[in-house]
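The structure under discussion appears below in the form of structure tokens.
The values are calculated or read from the model by the stated rules, or taken from the named source; none is laboratory data. Values in this document were obtained by computation on a predicted structure and should not be read as measured data. Because the Cβ atoms are built from the backbone with ideal geometry, glycine has one as well, and the counts that use them run over all protein chains shown. Surface accessibility is based on the protein's heavy atoms, side chains included, excluding ligands, DNA and RNA. Shrake-Rupley method; radii C 1.70, N 1.55, O 1.52, S 1.80 Å.
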Amino acid sequence: MTEPSVFTRILNGEIPSDIVAETENAFAIRDIAPQAPVHLLVIPKTQEYRNVAELAAGDPALLAELVGLASSLAAEHGEGDFRLVFNTGPSAGQTVFHVHAHVLAGGLEESSVGS
């Protein structure tokens with residue numbers, strides 16, 4: 001059995017976080033080290049998929065739901081324009097191996113986005 005990821009622990013209330021949105025299959029939180037004025041993480045409730053490539057192959061409908069939630073959050077928390085980043089693998093900056101999308105908006109600068 002796999003240990004719960006930090007995101008699963010947040011969802012279960014074991015780690016405090018600012019959950020800004022939640023659907024049946026996903027939730028969104030504020031990034032603890034924001035890289036833009038709006039920096040949210042959109043996360044599926046299942047930790048079955050380690051990265052976006054696995055998610056796309058295994059459950060494209062869930063991937064589409066994450067993108068839709070990201071778009072709604074960008075409209076709600078920003079001006080609608082946003083960057084959506086999925087880091088895949090350690091050399092690409094992924095440090096939490098529970099697929100998640102970074103939603104960045106509002107005065108974006110050239111920056112790397114990790115986790």
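Annotation: D59 fulfils all but one of (1) surrounded by 15 or more Cβ atoms within 10 Å (Cβ to Cβ); (2) without any contact (Cβ under 8 Å) to a residue 40 or more places away in the chain; (3) closer than 19 Å to L104 by Cβ; (4) out of contact with any Asp or Glu (no Cβ under 7 Å at 6 or more places or on another chain); the unmet one is (3).
Restricting the search to region 46-63, which residues are assigned to a helix (DSSP H, G or I) and not hydrophobic (A, V, I, L, M, F, W, C)?
Quick first cut of region 46-63, residues assigned to a helix (DSSP H, G or I) only: 52-58, 60-63.
The answer is E54, G58, P60.
The lone criterion from (1) open to solvent by 70 Å² or more (accessible area, probe 1.4 Å); (2) at pLDDT 95 or above; (3) over 22 Å from T95 (Cβ atoms); (4) more than 13 Å from the chain's Cα centre (by Cα) left unmet by E79 is number (2). Just one of the numbered conditions (1) touching a strand residue (DSSP E or B) at 6+ places or on another chain (Cβ under 8 Å); (2) aliphatic (A, V, I, L, M); (3) over 20 Å from T8 (Cβ atoms); (4) not in a loop (DSSP other than H, G, I, E, B) is not true of A75: (1).
Do we find a residue being among the hydroxyl-bearing types (S, T, Y), open to solvent by 20 Å² or more (accessible area, probe 1.4 Å) and within 13 Å of the chain's Cα centre (by Cα) anywhere in region 16-36?
Of region 16-36, the ones among the hydroxyl-bearing types (S, T, Y) are 17, 23.
Pick out the ones that are also open to solvent by 20 Å² or more (accessible area, probe 1.4 Å) and you get 17, 23.
Retained after the next criterion (residues that are within 13 Å of the chain's Cα centre (by Cα)): none.
No, region 16-36 has no match at all.
Taken as a whole, the condition of being at pLDDT below 95, touching an Asp or Glu at 6+ places or on another chain (Cβ under 9 Å) and surrounded by fewer than 19 Cβ atoms within 10 Å (Cβ to Cβ) does not apply to S111.
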